[in-house]
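The values are calculated or read from the model by the stated rules, or taken from the named source; none is laboratory data. Keep in mind it's a predicted model, so treat the numbers as computed, not measured. Methodologically, a virtual Cβ is constructed for each residue, glycine included, from the backbone with ideal geometry; neighbour enumeration extends over all protein chains shown. SASA here: full protein model, heavy atoms, side chains in, ligands and nucleic acids out. Shrake-Rupley method; radii C 1.70, N 1.55, O 1.52, S 1.80 Å.
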Amino acid sequence: MDPVRKRGKNLSKSLDSTQPASFPDEVLEQVFSVLKSRKDRSSVSLVCKVWYNAERWSRRKVFIGNCYSVSPEILVRRFPNIRSVTLKGKPRFSDFSLVPHDWGADIHSWLDVFAEFYPFLEELRLKRMVVTDRSLEFLAKSFSGFKALSLLSCDGFSTDGLKAIATHCKNLTELDIQENDIDDLGGEWLSCFPETFVSLEVLNFASLHSDVTFDALERLVDRCKALRVLKVNMHIYLEQIKKLLLKAPGLTELGTGSFLQLLPRQSAELETAFSRCKNLHTISGLWELSSFYLPVLYPACANLTYLNLSYATLQSDELAKLLSNCSNLRRLWVLDTVKDEGLEAVGSSCPLLEELRVFPADPFDHIMVQGVTESGFVAVSNGCRKLHYVLYFCRQMSNVAVATVVKNCPDFTHFRLCIMNPGQPDYMTNEPLDEAFGAVVKTCNKLQRLAISGLLTDRAFEYIGKYAKNLEILSVAFAGSSDLGMEAVIEGCPKLRKLEIRDSPFGNAALLYNLNKYESMRSLWMSACNVTMNGCRVLAKLMPRLNVEVMKDEGSGNGADKLYVYRSVAGPRRDAPPFVLTL
């Protein structure tokens with residue numbers, strides 16, 4: 001018998017025989033293996049000690065939403081047989097440069113423990129963590145069966161670390177490097193995969209900036225017959241993409257590289273190569289897009305369910321022509337260069353669309369004379385009645401428009417509306433946008449995530465507290481009138497897990513209202529609010545099981561410039577830099 005299972009069985013037998021009707025451990029393990037949801041597994045572990053023990057020993061994957069909410073030592077004691085770890089580090093506002101670079105979240109202390117207790121580790125998925133070349137080399141050499149590495153919005157490493165992964169991870173099936181702050185020293189790392197290496201299924205280096213060794217990439221793609229995801233950077237051109245497609249016609253996801261430099265004869269050949277990709281359902285990339293070459297994509301468009309154009313500066317007519325071939329599209333990411341006319345094409349061409357994200361081509365353009373408005377949003381909702389996820393950066397909005405959108409699409413689970421000019425009212429009436437977000441929470445009873453912006457008073461927050469009973473994540477920027485708004489949310493949203501607030505008037509009264517709520521939340525972030533150090537100290541004293549961390553700006557007096565509050569079973573972290581005050 002497997003020693004892990006034998007140990008689990010012995011522990012089960014040692015439990016009180018008066019527990020509810022027991023099953024053999026093998027049966028429980030088979031039952032629990034069907035449960036894919038983390039929440040479901042956590043729930044069954046609470047039924048009784050026998051189930052807790054069986055779930056503990058049968059758990060193979062673990063997700064940790066905050067690397068300081070638990071220690072690696074506690075993790076390995078609780079779950080001794082983990083094969084896959086997903087770990088998040090810095091607060092989300094680090095994406096907006098609101099968290100200092102050397103704040104923490106280094107992965108290496110975790111790897112030290114994993115090497116001792118999880119030598120069988122196969123997958124590591126990191127987000128907003130600090131990962132050094134030393135850590136990547138240690139990872140590559142410490143886990144002989146390692147298969148999958150995903151790094152999203154991480155920093156601290158270079159392509160030398162990727163060389164170590166390519167050289168030593170003989171069983172690697174996935175290498176996903178996305179949106180990281182990486183020191184790109186050149187593309188030679190691709191040559192480090194041994195010529196005998198054939199196992200790769202996912203390769204994404206789209207966010208790297210240097211030239212790559214194309215011959216090495218071509219040989220690698222040719223060897224790895226199971227490759228299904230390939231996303232290359234902007235230094236791969238269309239003629240090279242054609243060669244890769246001919247060697248990997250079974251791709252399901254493709255990041256194209258630059259859409260430039262193709263001769264007329266080569267254009268026909270590339271169109272033929274795309275027509276052979278019968279399984280392709282996702283296309284991204286398209287840097288430096290030339291609309292002249294867009295037709296080469298048309299043979300693949302009928303099967304596409306996800307089109308990521310967030311790096312392609314398409315105009316409205318170009319998008320309309322492309323989308324007329326994409327009738328099965330479920331997810332679409334675009335830049336606001338498509339304007340409202342482009343979004344009208346989305347509404348008329350994509351009736352099955354479920355997710356739309358519209359990003360600003362220039363997020364620092366405060367004048368915003370271009371971009372999209374409420375007109376494009378309404379047009380999408382008119383034609384895409386299955387829409388349930390939206391991230392929409394726009395230059396103006398009205399209460400009536402938002403009410404129309406949610407009336408057309410009442411099944412929103414994620415509604416993130418970002419009006420680029422902070423504090424902007426309804427542009428038609430000059431009234432606050434309270435009724436817009438009131439309509440969202442009243443109509444969309446499945447809503448889980450909400451990001452609000454524009455001129456808002458406490459009334460908007462009262463609506464959220466009264467109606468958003470399934471809300472889990474709320475992001476607030478430049479909004480609110482008084483502490484009463486935040487108090488309404490804390491009091492009224494029973495499932496709230498994350499509350500992110502910046503540049504808003506909430507202070508100590510809101511922070512210290514209903515303190516027990518923080519016990520059921522993952523985290524609270526407040527920056528540029530009216531919270532003081534005294535208020536933070538009171539919170540830390542009254543709630544000792546919370547980690548209360550303050551980052552102060554120079555010359556800020558008694559103000560708590562950035563406050564991060566989170567639950568932790570590990571106590572205060574030991575690696576806090578001097579500018580982080582743990583209360």
query = For the residue pair Leu352 and Lys541, what label-to-label distance in nm results when each label sits 7 Å from Cα along the Cα-to-beta-carbon direction?
reply = 6.1 nm
task = Show me 510-519, 449-458 ranked by packing, highest mean number of other Cβ atoms within 10 Å first.
result = 449-458, 510-519
task = State, to one decimal in nm², a quarter of the convex hull surface area for the C-alpha atoms of the range 53-156, i.e. the direction-averaged projected area.
result = 6.2 nm²
inquiry  = From zero outward in steps of 5 Å, how is the percent of C-alpha pairs of the range 273-411 spread across the bins?
reply    = 2, 11, 21, 24, 19, 13, 6, 3, 1, 0
query = Along the charge dipole of the chain, Cβ charges K/R +1 and D/E -1, which of Ile490, Val31, Val580 sits furthest on the positive end?
reply = Val31
inquiry  = Show me the three semi-axes of the equivalent ellipsoid for the range 176-309, from the C-alpha gyration tensor (sqrt of 5 times each eigenvalue), largest first, rounded to whole Å.
reply    = 22, 17, 14
ask   = Along its principal axes, what span do the Cα atoms of the range 117-248 show, with the longest given first and each in whole Å?
value = 46, 28, 20
query = Along the positive direction of the dipole of the range 93-174 (beta-carbon charges: Lys, Arg +1; Asp, Glu -1; about the Cα centre), which of Leu172, Leu124, Ser142 reaches farthest?
reply = Leu172
note = Taking Rh as the Kirkwood radius computed over alpha-carbon pairs of the range 430-583 and applying Stokes-Einstein at 25 °C with viscosity 0.890 mPa s, one gets a diffusion coefficient in µm² s⁻¹ of 156 µm²/s
request  = Would you work out the relative contact order for the range 434-502, in percent, from Cα pairs under 8 angstrom that are 6 or more residues apart?
outcome  = 35 percent
ask   = Based on Cβ point charges of +1 for Lys and Arg and -1 for Asp and Glu, what charge dipole magnitude is obtained for the chain about its Cα centre, in debye rounded to the nearest 20?
value = 2640 debye
task = Along each of the three principal axes of the Cα atoms of the chain, give the extent in whole Å, ordering the values from largest to smallest.
result = 73, 72, 54
key: Rounded to whole Hz, the Karplus (6.51, -1.76, 1.60) HN-Hα couplings of the range 385-397, x for glycine and proline   = 6, 8, 4, 9, 9, 9, 10, 10, 8, 9, 9, 7, 7
query = Which semi-axes, in whole Å and largest first, does the equivalent ellipsoid of the range 355-429 have when worked out from the alpha carbon gyration tensor as the square roots of 5 times its eigenvalues?
reply = 21, 14, 10
remark   = Length-normalised contact order of the range 94-195, Cα under 8 Å, at least 6 apart, in percent, tallies to 25 percent
note = Note to self, the chain gives a 222 nm [θ] from helices alone (DSSP H runs n ≥ 4, -39500 (n - 2.57) apiece, / all residues, nearest 500) of -9500 deg cm²/dmol
query = Just the accessible area for Lys321, please: 1.4 Å probe, Å², rounded to the nearest 10?
reply = 130 Å²
ask   = Got the relative contact order for the chain handy, in percent, Cα pairs under 8 Å and 6 or more residues apart?
value = 6 percent
key: Fraction of accessible area attributable to carbon and sulfur, the chain (%, probe 1.4 Å)   = 52 percent
Listed residue (Ser210, Leu309, Ala320) projecting farthest to the positive dipole end of the range 177-322, Cβ model = Ala320
task = Please work out the average accessible area per residue across the chain, using the 1.4 Å probe convention, and give it in Å².
result = 42 Å²
